[in-house]
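The values are calculated or read from the model by the stated rules, or taken from the named source; none is laboratory data. No experiment lies behind these values; they were computed from the predicted model shown. Cβ sites come from the backbone with ideal geometry, for glycine too, and all protein chains shown count toward neighbours. Accessible surface areas use protein heavy atoms only, side chains included; no ligands, DNA or RNA. Shrake-Rupley method; radii C 1.70, N 1.55, O 1.52, S 1.80 Å.
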Amino acid sequence: VAFCSSDDTWEPGFLETMLKHAKKYIGKVGYCGANLITGAGEVFAESRPKRFENNQDFAKAVWDAARNYKMFVNFSGILIPKEIFSKVRFKPETRLGEDYEFLLESISLFGVEYFYVDELLVRYRVHGSMTTQLRMSLIKSNDEKIMRQVREIMLDQGMKIRG
């Protein structure tokens, strides 16, 4: 399963490339880099997340990014095996940060593993009228709420919380 935000686009070959790599990483979620583009579609920067040695390092980086409100995984650039949805579900009541909530829950509660495809396969549009910019004042408190909820579930399940 792949998602593409309404103002983003995939580079030609996104699905083929991600599926090719997914065959090597059965049951894992793949993520890739992105070209940052203007509202007019012109590339002005690249976003290349780093490759992590293991899932624990990836999970730590996700939590560190969450605390700084700078998530490095672009949901328009992921490929999720459908089986993952038997563990992790999107909550209908989550109207902001649903991608972020999915990411934190999948790695923290269910141990879902991720793999990185070191290619720029998404065109992530950055412009003043994007939802992220329009809701900027809500993002910090929303992200903090999501982090608290995931931590509470982890504690309820007797899981160890690091950092």
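Results, tabulated for the structure shown:
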| read-out | value |
| --- | --- |
| Inter-label distance for residue 156 and residue 94, nm, one decimal - labels placed 7 Å from Cα along Cα-to-Cβ | 1.4 |
| Estimated dipole of the chain in Debye, rounded to 20 [Cβ of Lys and Arg +1, of Asp and Glu -1, Cα centre] | 340 |
| Percent of beta bridges antiparallel (DSSP, the chain, rounded to nearest 5) | 50 |
| Cα gyration tensor shape for segment 49-131, rounded if a/c is under 1.5, else prolate or oblate | rounded |
| Solvent-accessible area per residue for the chain (1.4 angstrom probe, square angstrom) | 58 |
| Pairs of alpha carbons in the chain whose separation is greater than 24 Å (percent) | 35 |
| Whole-angstrom gap from segment 77-115 to segment 21-42, using each part's C-alpha centre | 16 |
| Positive-end residue of 84, 116, 9, charge dipole of the chain with Cβ unit charges | 84 |
| Proximal lysines relative to residue 24, as straight alpha-carbon distance under 22 Å, when same-chain residues fewer than 8 apart are discounted | 50, 82, 87 |
| Within the accessible area of the chain (1.4 Å probe), percent carbon and sulfur | 51 |
| Segment 11-104: C-alpha gyration tensor shape, a/c 1.5 cut-off, then a/b vs b/c | rounded |
